[in-house]
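To start, the structure itself, in structure tokens.
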Amino acid sequence: MKRTTWMIWTAALALAGCSEGPAGGEGSGASETDPGSGTTGTSEGETGGEETGADETGGESTGETEPEPEYLSPDEHLVRISMALRGTRPSRSDLDAVRQDPGLIPGFVDAYMEGPGFGETIRDLHNDALLTSVDGQFPALAPLDDVQPFAISDSVMDTTLRLVERIVVEDRPYSEIVTADTWVVDDIAAAVYGIDDGGSGWREVPIPSGRPAAGILSDNAFFLRHESANSNFHRGRANAVSSALLCLDYEDNNIELDEGIDLTDADAVATALTTNPACIACHDTLDPLASHFFAIVGNPMSNQITEYPLPDLYIPQREDDWMDSTGRAPGFYGEESSDIGTLGALISTDPRFTACAARRFYAYFLRTDPGDVSSDTVDTLDAVFTESDLQAKALIRAIMLSDEFRIAAASSEDSADEVQGYLRARPFQLARTIEDLTGFRWELDVQLLQPDAGAGVLDLVRSSSIGFQVLGGSGDSFTVLGSIDTTNATTSLFVRQLAAEASSFVVEQDAMADEPRLLSSGLVTEQEAVRAQLVELFDRIHGEAVEPDSEDVSDALALFDAALAASGDPARAWKTTLTAMLRDLGILFY
């Protein structure tokens with residue numbers, strides 16, 4: 001489908017009038033990034049042209065039996081890199097620079113990993129495995145009685161991902177995610193846990209109460225999310241750790257249970273776990289792993305929380321409770337262990353840990369299932385990762401510059417299923433894109449609906465319980481565990497309304513601004529001026545360099561003229577046109 005065809009028929013519904021969006025926060029504007037000299041020695045064939053040399057993630061390409069796939073142009077590659085790393089489109093100056101010299105792309109990769117938005121990408125990437133970004137209900141009690149429960153839950157459940165973000169952004173060894181002796185908290189989480197360090201905002205603090213240092217395994221949020229029923233003896237938690245950090249999910253094992261086991265008899269089950277071959281296959285390694293977590297108490301229910309700070313959720317005196325349950329001493333796949341600190345150290349040196357990270361990073365940025373990543377790709381990326389002393393940015397850089405990441409289309413129908421020619425933006429990326437382009441944030445101030453309620457501004461795009469995160473295509477990490485990479489009715493409706501709200505907002509703001517964000521020439525109506533402004537908009541919004549007399553611009557101009565004729569209002573005409581451009585599939589996919 002031609003882009004402008006999509007624009008025209010989706011915008012037709014907007015001719016009756018765009019809704020007026022509420023005022024949003026300040027956006028980051030168009031980024032004028034200086035790529036500097038941060039190159040990695042990548043050849044031009046790796047960054048822009050049709051020619052490819054050694055495949056960075058899959059070995060040498062012979063080109064003898066299979067024709068080359070279609071690759072993105074340098075500016076299209078930069079759009080994909082920018083969206084993947086920070087959730088925004090490149091500035092026009094960045095695009096122009098790469099059009100002139102594709103060899104600048106590695107420098108932009110490095111620059112984008114140092115800029116805003118990269119941290120949120122890292123949190124989203126790791127939440128696919130850790131699943132800690134869940135909505136909960138921590139009650140508003142003193143000293144947080146003036147804060148909305150959802151805001152308290154957001155802070156408490158975000159600490160695990162914030163620690164991982166800090167380690168990656170600061171170029172610390174990735175192994176610290178399971179060995180660090182710190183937490184990352186904000187003012188709300190600090191109040192919940194009784195941390196009085198005199199700091200403010202998100203900051204790193206020593207792990208309280210003398211619990212072992214094990215990075216995210218020492219943090220409460222991971223185990224608040226992954227609970228354990230009493231009779232489960234922390235096996236569910238053990239599998240969550242194994243699946244997230246080693247890519248070894250016990251639930252994937254195909255086990256045929258012995259029909260002679262009475263599953264209603266606890267003693268019979270306990271005996272089978274140590275004597276029945278089908279049970280031993282998993283439990284010989286799962287149960288020792290689970291024995292590390294007996295000191296971690298269950299998730300306090302909202303109606304059970306009566307005060308802050310909460311009692312310590314780690315009770316050292318219970319570390320040996322495994323003796324009275326499974327009888328399996330803590331261990332890590334045949335290696336002796338003792339507590340979560342020892343466990344974290346063992347995980348950090350296990351080859352499966354780095355290989356799993358390589359698999360998950362690649363799967364996230366290529367929008368594919370981790371299980372579908374080839375062993376050759378994992379091995380190649382794992383080598384890059386380990387040779388960099390576990391610098392996650394080096395791993396990400398290799399993925400961004402790989403041939404697989406810049407494929408636009410398969411070389412044949414037979415290979416089409418193995419290629420991701422379009423990558424779908426997740427809701428948080430759409431939120432960042434829209435804010436960067438228009439300054440609009442889709443938020444709800446709860447006090448406007450409940451004047452007597454505590455303070456709390458709800459981000460409707462990033463919230464799942466009250467907002468539209470799930471409708472927009474992402475999961476809620478609890479009942480919906482994955483994101484979709486296609487479109488459906490709800491994702492289309494979500495993008496349509498977000499575009500309408502943002503377009504209305506930016507036109508109203510640009511009409512009064514000394515330095516407009518999108519409409520640099522203002523609410524122009526003269527044909528040549530409209531064409532010139534549309535050229536700028538195509539480049540800024542879609543990363544496309546088009547000529548004023550191109551078919552795309554002419555079709556967009558026809559839409560503008562129709563809206564102007566129907567309303568007689570230049571502002572309404574520009575709102576309609578921008579709504580169509582922001583609803584375009586080129587925004588949803590990159």
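Would you check if Asp445 is exposed (fewer than 15 other Cβ atoms within 10 Å of the Cβ), of a type outside the set (Ser, Thr, Tyr) and under 30 Å from Arg517 (Cα atoms)? Considered against the rule, which asks whether it is exposed (fewer than 15 other Cβ atoms within 10 Å of the Cβ), of a type outside the set (Ser, Thr, Tyr) and under 30 Å from Arg517 (Cα atoms), Asp445 comes out as yes.
If I ask for residues that are part of a loop (DSSP other than H, G, I, E, B) and of a type in the set (D, E, K, R), which ones from the stretch 428-442 would you list? Spell out how you get there, then give the answer.
Restricting attention to the stretch 428-442, the residues satisfying the condition of being part of a loop (DSSP other than H, G, I, E, B) are 439-442.
Listed by number, the list holds a single entry, Arg441.
Residues that are at pLDDT below 50 and in a helix (DSSP H, G or I): does the stretch 17-34 have at least one? Looking through the stretch 17-34, none of the residues is at pLDDT below 50 and in a helix (DSSP H, G or I).
Being small (Gly, Ala, Ser), surrounded by fewer than 18 Cβ atoms within 10 Å (Cβ to Cβ) and either under 19 Å from Leu286 (Cα atoms) or in the same structural domain as Ala290 (by TED's automatic domain parsing) (or both) holds for only one residue in Ser231, Ser243, and it is Ser231.
Which residue out of Thr386, Thr433 is more than 19 Å from the chain's Cα centre (by Cα) and among the polar types (S, T, N, Q)?
Working: Thr433 fails: more than 19 Å from the chain's Cα centre (by Cα).
Of Thr386, Thr433, the one residue that is more than 19 Å from the chain's Cα centre (by Cα) and among the polar types (S, T, N, Q) is Thr386.
What number of residues within the stretch 194-249 satisfy the criterion of being on the phi > 0 side of the Ramachandran plot and either of a type in the set (Lys, Arg) or assigned to a helix (DSSP H, G or I) (or both)?
So in the stretch 194-249, the residues on the phi > 0 side of the Ramachandran plot come out as 194, 198, 201, 209-210, 215, 233-234, 247.
Then keep just the ones that are either of a type in the set (Lys, Arg) or assigned to a helix (DSSP H, G or I) (or both); that gives 209-210, 215.
Looking only at that region, the number is 3.
Being outside the structural domain of Trp574 (by TED's automatic domain parsing), part of a loop (DSSP other than H, G, I, E, B) and at pLDDT 95 or above is true of Ser402. Residues in the stretch 473-502 that are under 17 Å from Tyr590 (Cβ atoms), surrounded by 14 or more Cβ atoms within 10 Å (Cβ to Cβ) and among the β-branched types (Val, Ile, Thr): 4 in all. Glu536 meets each of the listed conditions (1) under 31 Å from the mean Cα position of the chain (by Cα); (2) modelled with pLDDT under 95 apart from (2). Filtered by the rule that a residue be touching a Phe, Trp or Tyr at 6+ places or on another chain (Cβ under 7 Å) and either surrounded by fewer than 22 Cβ atoms within 10 Å (Cβ to Cβ) or assigned to a loop (DSSP other than H, G, I, E, B) (or both), the stretch 157-174 gives a lone residue, Val169. Residue pairs whose Cβ atoms lie under 8 Å apart, sitting 6 or more positions apart in sequence or on different chains, and linking a residue in the stretch 153-169 that is under 14 Å from Val134 (Cα atoms) to a partner that is of a type in the set (S, T, N, Q) and part of a helix (DSSP H, G or I), are Val156/Asn220; Thr159/Asn220; Leu161/Asn127. Of all residues in the stretch 315-333, those that are touching a residue at least 60 places away in the same chain (Cβ under 8 Å) and not in a loop (DSSP other than H, G, I, E, B) total 2.
Restricted to the stretch 536-562, and to residues there that are in a loop (DSSP other than H, G, I, E, B) and among the aliphatic types (A, V, I, L, M), the residue that is surrounded by the fewest Cβ atoms within 10 Å (Cβ to Cβ) is Ala545. Taken over the stretch 342-370, the residue count meeting the criterion of being buried (at least 21 other Cβ atoms within 10 Å of the Cβ) and over 25 Å from the mean Cα position of the chain (by Cα) is 1. For the condition at pLDDT below 95, out of contact with any helix residue (DSSP H, G or I) (no Cβ under 6 Å at 6 or more places or on another chain), part of a loop (DSSP other than H, G, I, E, B) and assigned by TED's automatic domain parsing to the domain that holds Ala571, Thr479 qualifies. Among the candidates Asp312, Asp376, the residue that is touching a strand residue (DSSP E or B) at 6+ places or on another chain (Cβ under 8 Å), touching a residue at least 12 places away in the same chain (Cβ under 8 Å) and either surrounded by fewer than 17 Cβ atoms within 10 Å (Cβ to Cβ) or not in a helix (DSSP H, G or I) (or both) is uniquely Asp376.
The values are calculated or read from the model by the stated rules, or taken from the named source; none is laboratory data. Every value quoted in this text rests on a predicted model; they were computed, and no experiment measured them. Ideal geometry is used to build each Cβ from the backbone, glycine not excepted, and the neighbour counts take in all protein chains shown.
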